[in-house]
Amino acid sequence: MVNGKCWMLINNSSIRSDADKMCKTYNGATLVSIRNADENQALTEFLKDENINTLWTGLYCFGETNITACIWDIQAGSAANYSSFKVGYPDADYGRCVFYIGNGTDIGKWENEECGETMPFVCELPPTVHEGTCDFLYNSHCYFRIDMMKNITDSQHFCLSRCSNLVSIHSANENRFIQSIYDTNFTNIAIGGFASSKDYMIWMDGSPTDYNNIQFSYAGSCVIMAAGTTDTGYWYTRPCNETFWFLEENDNGALRTHFENSVAFVMDHWKPLLIGGISVFVLLISVFLITFFAVRGNYHCEKDLSTSPSASEKTTEMSSKSETMTEIVNFSLIYSDDSTTTTSVTPPDSSTTTLGISPVQITLHL
């Protein structure tokens with residue numbers, strides 16, 4: 001890893017085209033690109049113990065002396081923003097391929113040379129960590145070849161069932177890497193793009209359309225990539241009901257089933273899930289207890305009321321007592337001529353023994 005890039009020195013002198021092909025075999029790597037002074041100095045440090053005089057870079061000049069006409073491989077931008085050309089360069093009269101000087105007083109400077117010359121070279125890749133569960137890993141994205149013939153809809157459904165998507169491509173380097181996955185001379189693979197025209201395309205996974213390599217717009221709107229080792233890498237459109245091999249991509253570095261995804265989520269969030277579960281349990285217990293005691297209180301009230309005499313029962317009881325008193329006490333008034341009234345209070349015979357009441361005579365003087 002050098003300055004955020006993976007560099008590999010191939011100390012085997014080759015012509016420029018062969019050097020590029022050799023780099024491509026290493027997961028789609030390109031010849032080294034140098035985008036600022038820090039990277040230029042980093043390359044000097046990278047080569048200091050290797051005794052390298054010159055080496056190929058990934059820069060190619062189309063114009064005579066115009067720096068903006070010098071383009072990094074796979075259309076990855078020009079040298080207009082940064083260059084370290086030696087005075088008098090670029091000069092296409094010397095050749096169109098650019099090399100780096102690794103020794104001497106001009107160390108770190110660039111010159112032109114004929115592309116048929118031979119020299120060592122450095123291959124470059126984005127930072128990548130390989131995992132055993134991933135077939136092809138590039139820039140923290142995991143890719144899986146699916147060599148089954150399916151239409152685009154079925155291909156995407158298959159990918160979704162594995163928590164992935166049809167591949168989306170966001171740079172010329174990534175496009176080159178995908179080419180390197182297919183070791184056949186030529187094959188067509190479905191990628192996850194829809195294109196209403198050659199210049200307008202969207203990705204199924206919702207990612208931004210920051211790279212477009214559609215060369216031909218035929219019938220249909222689904223995007224297909226020509227992959228393999230011979231004259232490939234371009235995209236074109238075809239009807240979505242046609243069947244192709246396809247490439248699936250997962251951003252997490254490896255594919256997981258829905259069950260594995262669920263387990264991973266629980267493992268990553270077990271603390272908040274545990275706290276939430278306990279909170280719900282306490283809430284349910286609280287509701288149960290409140291409801292239980294409320295119902296139990298109502299039951300006791302109803303029971304007490306049912307054992308107490310009602311108003312109608314009290315009225316009946318009082319009436320019964322009144323009748324009893326009426327039966328117990330009989331009044332009779334006896335009038336006489338001498339203005340004296342004699343009142344006899346005589347309890348019924350049935351009550352005499354029970355109450356112990358004897359006949360009483362009351363004399364009133366009127």
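Beyond a 29 Å Cα-Cα separation, which of these cross-linked pairs lie in this structure: Lys21/Lys150; Lys5/Lys150; Lys5/Lys109; Lys5/Lys271; Lys86/Lys198? Over 29 Å Cα-Cα: Lys21/Lys150; Lys5/Lys150; Lys5/Lys271; Lys86/Lys198. When the chymotrypsin sites (Phe, Trp or Tyr not before Pro) in segment 1-69 are filtered for DSSP coil states and for at most 15 other beta-carbon atoms within 10 Å of their beta-carbon, the remaining sites are Phe62. What's the FRET efficiency of Val295 with Lys271 using the Cβ-Cβ distance as r and R₀ = 45 Å, to the nearest 0.05? That gives a FRET efficiency of 0.75. The Rg/Rh ratio of segment 140-251, with both radii computed over alpha carbons and Rh defined as the Kirkwood radius, is 0.91. Here the spin labels are modelled as points 7 Å beyond Cα on the Cα-Cβ line, and at Thr153 and Thr209 they lie 2.2 nm apart.
Counted residue by residue at 0.36 nm each, then reduced by the alpha carbon distance between them, the extension gain from Val280 to Ala37 reaches 81.6 nm.
Spin-label pair Glu113-Ser221: with each label point 7 Å from Cα along the Cα-Cβ axis, the two points sit 5.1 nm from one another.
Readers should treat all values here as calculations from the given coordinates under stated rules, not as data from a laboratory. No experiment lies behind these values; they were computed from the predicted model shown. Glycine gets a Cβ as well: all are built from the backbone with ideal geometry, and neighbour counts include every protein chain shown.
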